[in-house]
């Protein structure tokens, strides 16, 4: 007999933060099914998109995703950022068709999605983030997305600019995987003909800053400051080992916290991880990630428990 699933989790094998959510759901006796994208070839999966109903079998177990489904935890991006150079035909088929199969779960319209893939797709677009943040009253650094080395960049400052990719940058060089971080560079070093090869994001550099990570879930929020050796981290703090970072609770001003919650709602999200930079008494908006990490911030904040409760307590369809 198949187990009727209440919470569907769409993620990846190495999503260790979601392990915590699964643990809480299990402790609460909530019937959940976790579908890791890499494990699709090992499972027996049949989706009826009209009913809709998904049946899964593995080993001696059977699961049914249908009328009992309350919520879906969408824990992956919607852009395919992984370069396929050198991949076998089988690997390319598994990646593209597996990803499409995961997105096909959108037929479960009665469920509460955290977050819906369509909203995630839009919210992952950095230009849209900056536009909506500015409309809500956030301070947003002067920004150009450009491949023109002779563009009107004077507004970005006289010396350093922050060079970023337009989208999360994951590249493969042989067996190595490369990731793009924010880099502070002199403006004249960026304004070269090499820039024409691919558009990039250029922002006015924010110096003497304190990085803030705001995790939003519905109307709730958690904020942490990120520093090193008692001061803020210049440039991209992600380049620093997490063990060397000083992460402390930070009490956001109510107006800024309200803007963070409003931004998540404006983008059609339930969950969002927002990066701010505190400099000169102003909370500058940097970006929002609709599938951002929270596990390394969890601890006593119990973010995982809050997410699990959000999924478990979602409206049960009649």
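Computed from the coordinates by the stated procedures, all read-outs in this text should not be read as laboratory data. Computed from a predicted model, the values in this text were never measured in an experiment. Here Cβ is always computed from backbone atoms with ideal geometry, including for glycine, and neighbour counts include all displayed protein chains.
The table that follows gives values for the structure above.
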| read-out | value |
| --- | --- |
| Where labels lie 7 Å past Cα in the beta-carbon direction, separation of residue 118 and residue 147 in nm | 3.1 nm |
| Förster-model FRET efficiency, 30 Å R0, residue 128 and residue 282, C-beta, rounded to 0.05 | 0.85 |
| Efficiency of FRET between residue 208 and residue 251 - r from beta-carbon atoms, R0 25 angstrom, step 0.05 | 0.75 |
| Footprinting exposure proxy for 102, 145, 93 (fewest neighbouring C-beta atoms within 10 Å first) | 93, 145, 102 |
| Cα-projected label distance for residue 92 with residue 181, points at 7 Å along beta-carbon direction, nm | 3.3 nm |
| Inter-centroid distance (Cα atoms) of region 1-62 relative to region 182-229, Å | 36 Å |
| Estimated FRET transfer efficiency when R0 is 35 angstrom, pair residue 302-residue 1 (beta carbons, to 0.05) | 0.50 |
| Kirkwood Rh, angstrom, region 3-114 [1 / mean 1/r, Cα pairs] | 14.8 Å |
| Length released on extending from residue 242 to residue 104, taking residue separation times 0.36 nm less the Cα-Cα span | 46.1 nm |
| Nearest-ten-degree value, helix 303-312 long axis tilted from longest Cα axis of the chain | 40 degrees |
| Extent along principal axes [Cα atoms of the chain; Å; largest to smallest] | 68, 48, 36 |
